[in-house]
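Structure, as structure tokens:
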Amino acid sequence: MKYKAPRGTRDILPGEVERWQQLETRFRQYCTLYGFSEIRTPIFEHTELFLRSVGEDTDIVSKEMYSFQDRSKRQLTLRPEGTAATVRAYLENNLSGQPQPSKLYYQGPMFRYDRPQAGRYRQFHQFGLELFGAAGAAADAEIIALSHDFIRSLKIKEVNLELNSVGCPDCRPAYRDSLLSYLEPLAEEVCPDCRRRFAVNPLRVLDCKDEKCRTLAAGAPVLEHFLCQPCAEHFNQLRRLLDRLAIPFTVNPRLVRGLDYYTRTALEFVCPDLGSIAGGGRYDYLVEDCGGPPTPAVGVAFGVERLLLAADEAALQQEAVPPVFIATAGENLEEEALALAAQLRSRGIAAETELMGRTLKGQMKQCGRKGYDLVLILGQKELSQDLVALRDMRTGEQKELPRKQVLDTVEQLRQAVETSAR
Ligand code: HAM
């Protein structure tokens, strides 16, 4: 085999794609239930957008972006996440001029030059929610409630909602100073990455995965003690609302997130084996930083591959109703088969015909292999008497029907199967 998919990418094949489709439908249902509308933005954007929003010193921007120059020497980047592009689209299309809040959702591929492992890819997929224009904790609660309901519907075992407040530009500098005073004497003990973080963003030391750094971070000052009064009130109000909605969570004082735009709420849904299956938070200054009017905002994104790994098998199963197969016994019956398939399809019944020139025996064997349950058999002699055979593969029963009854009979049988599948 000469070509392989690039490292960190994968094909989603028939047999697996059905779970993706189920999950996408489920996500859409919850978005509709909560009044979110879909937005679709380009797969690539100007590199500058991500530098400004995600932050130049983050891992995503400094190590993980797929950036390139196009033929007109524009610097472009395959989107590593969806929030920045949604903010850009919100401003460019003047959605801010419409009645607020704007409640948007998106889904699609994202690209990060990450080290591939289970549930981590270089092309991966996100479902995202972004809510613009509402500053109150009720908006954060709405994002969390939708996420919680959606995740619960997938019957994921052992998922924990972690919550923190990362403060705002008013209160964070004092915390940063205090954290640095604690960390600087430990410079020789932390990992080289963290030593570099001292200068650019010491808060990231708090969620370093290195064992030694974690132990040291455990003794660090706690951000919550430094929150200004409005940030503290926002965090308290959010916790009250989640209690009221009976959404369980734990406060993780070391949750700081790997993107620079967050203020106040930071959140992650975490599974023990997979890490974070969804992450997000509030970003009250990003719209302004991208050239818009002051606009509070909050959002979340789910890692689709991780949701699929974590979801219970049964939670995404739906009995797929197989197509009706139209088999031909003998030569020159393709035309008849295609015409009958067209009639079935025009009634919304999936149908397939034989395209490989197999014998009738071969066709029946193929139907068994593919799990088709209804087979219509066209034979020259029967057709001359205006008859078609219908075989129910589940019972092995076969009967002959007058040609004009075929459509109604198949339709009734299909409805019965669909009702029992529901
Ligand atoms: P993020 O935490 O970078 O946040 O990504 C969100 C989710 O995407 C993660 O929790 C994880 O499940 C999934 N994910 C990230 N990287 C990979 C990867 N390489 N392979 C597979 N899955 C991955 C954001 O992207 C923010 N834009 C979320 C947000 C929306 N904040 C506010 N609004």
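A short reminder: the numbers here are calculations on the coordinates, not readings from a lab. Just so it is clear, the structure is predicted and the values come from calculations on it, not from any experiment. As a convention, Cβ positions derive from the backbone with ideal geometry for all residues, glycine included, and neighbour counts pool all protein chains shown.
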A chain fully extended from GLU48 to GLN69 at 0.36 nm per residue, minus the present Cα-Cα distance, gains in nm 6.3 nm
Plugging the Cβ-Cβ distance of SER384 and LEU360 into 1/(1 + (r/R0)^6) at R0 = 22 Å yields, to the nearest 0.05, a FRET efficiency of 0.80
Within the set LEU203, LEU95, LEU376, GNM on the chain using Cα springs under 10 Å gives the largest fluctuation to LEU376
Out of ALA329, ALA137, ALA85, a Gaussian network model of the chain with alpha-carbon springs under 10 Å gives the largest mean-square fluctuation to ALA329
Between the Cα axis of helix 17-33 and the main Cα principal axis of the chain, the angle (0 to 90°, nearest 10) is 60 degrees
Any aspartates and glutamates whose Cα falls less than 13 Å from that of LYS155, other than same-chain ones fewer than 8 residues away, would be ASP312, GLU313
Sparse-neighbourhood loop hits (trypsin sites (Lys or Arg not before Pro), segment 323-389; DSSP loop; Cβ within 10 Å at most 14 others) -> ARG347, ARG358
Phi angles of segment 199-205, converted by Karplus (6.51 cos²θ - 1.76 cosθ + 1.60, θ = phi - 60°) into ³J(HN,Hα) in whole Hz with x for Gly and Pro, give 6, 8, 7, x, 4, 5, 4
If each part is reduced to its alpha-carbon centroid, segment 160-199 and segment 32-62 end up apart, in Å, by 25 Å
Excluding residues fewer than 8 positions from LYS209 in its own chain, the lysines with Cα under 21 Å of it are LYS63
With Cα springs under 10 Å, the Gaussian network model of the chain assigns the largest mean-square fluctuation among PRO101, PRO173, PRO185 to PRO185
Taking 0.36 nm per residue of separation between GLU56 and GLN405 and subtracting their Cα-Cα distance, the length gained on full extension comes to 118.8 nm
To the nearest 20 debye, segment 98-163 has a Cα-centred charge dipole, built from +1 on Lys and Arg Cβ and -1 on Asp and Glu Cβ, of 380 debye
Placing one equal point scatterer on each C-alpha of segment 172-223 and summing with Debye, one gets log10 I(q)/I(0) at q = 0.21 Å⁻¹ equal to -0.63
Computed for segment 297-357: size of charge dipole around the Cα centre, +1 on C-beta of each Lys and Arg, -1 on C-beta of each Asp and Glu, debye to nearest 20, value 380 debye
Excluding residues fewer than 8 positions from LYS361 in its own chain, the lysines with Cα under 23 Å of it are LYS370, LYS381, LYS399
For the chain, using Cα atoms only, the Rg and Dmax in Å read 27.9, 95
Here segment 276-287 yields Karplus 3J(HN,Hα) values (6.51, -1.76, 1.60; θ = phi - 60°; whole Hz; Gly and Pro given as x) of 7, 8, 7, x, x, x, 8, 9, 6, 10, 5, 4
Residue by residue through segment 345-357, the couplings from Karplus 6.51 cos²θ - 1.76 cosθ + 1.60 with θ = phi - 60°, in Hz, x for Gly and Pro, are 4, 5, 8, x, 9, 5, 9, 10, 10, 6, 10, 10, x
PRE zone check, label point 7 Å out along Cα-to-Cβ of LEU413, amide N under 20 Å, scope segment 347-371, hits 347-355, 360-371
Row for segment 300-364, column shape: gyration tensor on C-alpha, a ≥ b ≥ c, rounded if a/c < 1.5 i.e. under 1.5, prolate if a/b over b/c, else oblate; value prolate
